1. Which of 309, 97, 235 moves most in a GNM of the chain, Cα contacts under 10 Å?
2. Considering the dipole of the chain built from charges on the beta carbon (Lys and Arg +1, Asp and Glu -1) around the Cα centre, which of 406, 268, 55 is farthest to its positive end?
3. Expected output is a single nm value to one decimal: the length gained when fully extending between residue 379 and residue 43, i.e. 0.36 nm times separation in residues minus the C-alpha distance. What is it?
4. Roll a 1.4 angstrom probe over the protein heavy atoms and tell me the percent of accessible area of the chain that is carbon or sulfur.
5. Return the FRET efficiency for the residue pair residue 419, residue 292: r is the Cβ-Cβ distance, R0 is 45 Å, and the value is rounded to the nearest 0.05.
6. How much length is gained if the chain between residue 335 and residue 133 is pulled fully straight, taking 0.36 nm per residue apart and subtracting their Cα-Cα distance, in nm to one decimal?
7. Per residue, how large is the accessible surface of the chain? Use a 1.4 angstrom probe and give square angstrom.
8. Taking a probe of 1.4 angstrom, what is the accessible area of residue 17 in Å², to the nearest 10?
Amino acid sequence: MIPRYSRPDMVAIWSPETKFRIWYEIEAHACDAQARLGVIPEANAQAVWKARDVAFDIDRIDEIERETKHDVIAFLTHLAEIIGHDEARFVHQGMTSSDVLDTTFNVQLVRASDILIADLEALLAALKRRALEHKDDVRIGRSHGIHAEPTTMGLTFARFYAEMDRNLSRMRDARAEIATGAISGAVGTFANIDPAVEDHVCEQLGLVPEPISTQVIPRDRHAAFFATLGVIASSIENIATEIRHMQRTEVLEAAEYFSMGQKGSSAMPHKKNPVLTENLTGLARLVRMTVVPAMENVTLWHERDISHSSVERNIGPDATITLDFALARLTGVIDKLLVYPQNMLDNMNRFPGLVMSQRVLLALTQAGVSREDAYRLVQRNAMKVWDQRTDFREELLADDEVRAALSEDQINEKFDLGYHTKHVDTIFARVFGD
């Protein structure tokens, strides 16, 4: 990803220096295990660790690869230059390139997962704080973009909290599924390497051995991982879209923080645009576009082909770096989001009393009116409010057919706003616990 949408800790995971360091650790730990099994001399295994504190020469590795056309061989050649060719002659004993490449990729995805999990935890803390802050601030709920019935801003934040909490569980599951390694040889049969080597390397790297590999770790694991990132990205867009709607001039129930000196438009000085959440909508698309290639990588020829390789070299960094940035940006938006409770009430009362129509409908049916007639009576008065901006309660009180079924007190009682918020505490207890 370009630096504009990148954060350094996640970028570092995908740097050449990090990649080659993990390659080196895999080879060194494998040599240790081979020496314990008596396959290679102990002295040769110890010699590999001479490169423990050496910075690998990226340019030199690239130079060798231009000749060999093979990245792992280029690295092994450079490693031999560092520790000595005779000392390095048992490095990579019985292994194949995918043992190094796939295990490294999964180490990187695990490390990326740890950052993303921390990102989600920070976002959840922000959502919970804002939910509690605005638990009882009433706003109109909307379906199809049209006024429906009252809800609260706290419930809006709580809904997003619950969604992101599910994503945290998904991310933890994805981390566990991707945390496997394979040091199983050319076609995964361990013909030239003992399974104990795989056990040792995986233990050192915080992985578990892949139960059965071919020449590669099965790509259904990676498909599930990137699908999880795609779901999280969609949830980010879900929240971002709600904020963008709330910031519209005609709504203005909430808005992104607008800092001193910030400019909204090069042409119109009055503008305060939802640029961060619009940006998050775009970034979500970038993360999701990595999901289909990851799914298509599941299908490989026989024990292995490399059709997945070029895909993963791109989507691994791009998806994790972008999602990390997006989660951090969304957390900042939620933390500083400006909320306007009075505007929420003003919007709800733009068509006075209209949002209480269902309560009146139910009251009429309970008073003995058929549902069809009750609906007709309520809709008849509701349409006047839509068309003429009259008061719904006053229209009902003036309707003889409605008054034949409901008294003035019964009608007035149906306009109690607290009726719609009486179970907020119950919902909060379900989302956040007691």
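1. Result: 309 has the largest fluctuation of those listed.
2. Value computed over the given set: 406.
3. So the extension gain works out to 112.1 nm.
4. Carbon with sulfur: 51 percent of the solvent-accessible area.
5. 0.45
6. Once the chain is fully extended between residue 335 and residue 133, it gains 71.6 nm.
7. That works out to 48 Å² per residue.
8. Looks like 110 Å² after rounding.
The values are calculated or read from the model by the stated rules, or taken from the named source; none is laboratory data. Since we're looking at a predicted model, the values are computed, not measured. Note: ideal-geometry Cβ built from the backbone for every residue, glycine included; neighbour counts use all protein chains shown. Calculation scope for accessible area: heavy atoms of the full protein, side chains included, ligands and nucleic acids excluded. Shrake-Rupley method; radii C 1.70, N 1.55, O 1.52, S 1.80 Å.
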